[in-house]
Amino acid sequence: MEYQAYNPKRRESILTAENELESSILAHPDVQDGLYWGYPRFGHPEGKVIYHVKEVFDNIDKLDIESDFRRKLRLIALTHDTFKYLETRSKRAATPTLHHAKLAYDFLKDYVDDEDVLQVIKTHDDAYYAWRSDYAYRDPEAAQVKLDKLLAENAAHLDLYYSFFVCDTRTGDKNQAPIRWFEDKINPCHKIRI
């Protein structure tokens with residue numbers, strides 16, 4: 001059975017599942033709620049999460065990659081920001097007490113046991129946070145600590161992390177400097193150009 005995330009106001013299909021697992025995930029009520037959450041903001045002028053996921057899917061489509069790698073990237077893309085609507089934030093907290101990446105990880109581990117995918121989901125924003133520590137907060141020591149932790153946690157699948165980070169960052173009106181910064185730090189064999 002194929003499931004398509006559907007926008008009833010526009011009467012259009014936005015996301016089409018490529019396999020049974022994606023169909024099952026798209027059919028989950030929490031995922032549907034999360035995909036239709038959002039509002040236009042810096043980095044995400046598209047507003048709703050579903051439009052961002054579609055942009056990431058489009059970037060994945062541009063890559064010349066093998067099918068299993070593509071399947072992993074699509075699983076990450078489908079769920080990485082889908083639980084932002086459940087984050088707990090307060091005006092006093094600099095970061096949410098319940099982060100959308102952790103929520104996505106907790107959700108996806110019921111569907112897959114692929115540690116590569118789960119680890120990338122859990123840390124998908126960490127390269128950006130490391131860059132932000134370096135450039136926005138002018139704290140290169142904190143940036144290095146964050147980067148070292150990220151690299152240690154993703155050492156076995158750094159190519160998957162890097163590929164997703166590029167596909168995710170080359171969307172909306174996101175700042176592209178974090179990609180260049182991360183590439184300078186990890187020196188990938190083949191830089192991704194989308």
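The values are calculated or read from the model by the stated rules, or taken from the named source; none is laboratory data. Computed from a predicted structure; not experimentally measured. Cβ coordinates were reconstructed from backbone atoms using ideal geometry, including for glycine residues, and neighbour counts include every protein chain displayed.
Quick look at the numbers
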{"quantity": "Those helices (runs of 4 or more DSSP H) lying entirely in the stretch 128-194 with at least 3 residues at negative phi, modelled with pLDDT of 95 or more and of a type in the set (Asp, Glu)", "calculated": "140-153"}
{"quantity": "Selection within the stretch 14-59 - closer than 19 Å to Phe107 by Cβ, within 17 Å of the chain's Cα centre (by Cα) and of a type in the set (S, T, N, Q)", "calculated": "Gln32"}
{"quantity": "Residue list for the stretch 65-93, restricted to those being at pLDDT 95 or above, outside any helix (DSSP H, G or I) and over 10 Å from the mean Cα position of the chain (by Cα)", "calculated": "Ile65, Glu66, Phe83"}
{"quantity": "The listed residue being farther than 22 Å from Lys146 by Cβ and in contact with a Ser or Thr (Cβ under 7 Å, 6 or more places away or on another chain), out of Glu66, Glu46, Glu55", "calculated": "Glu55"}
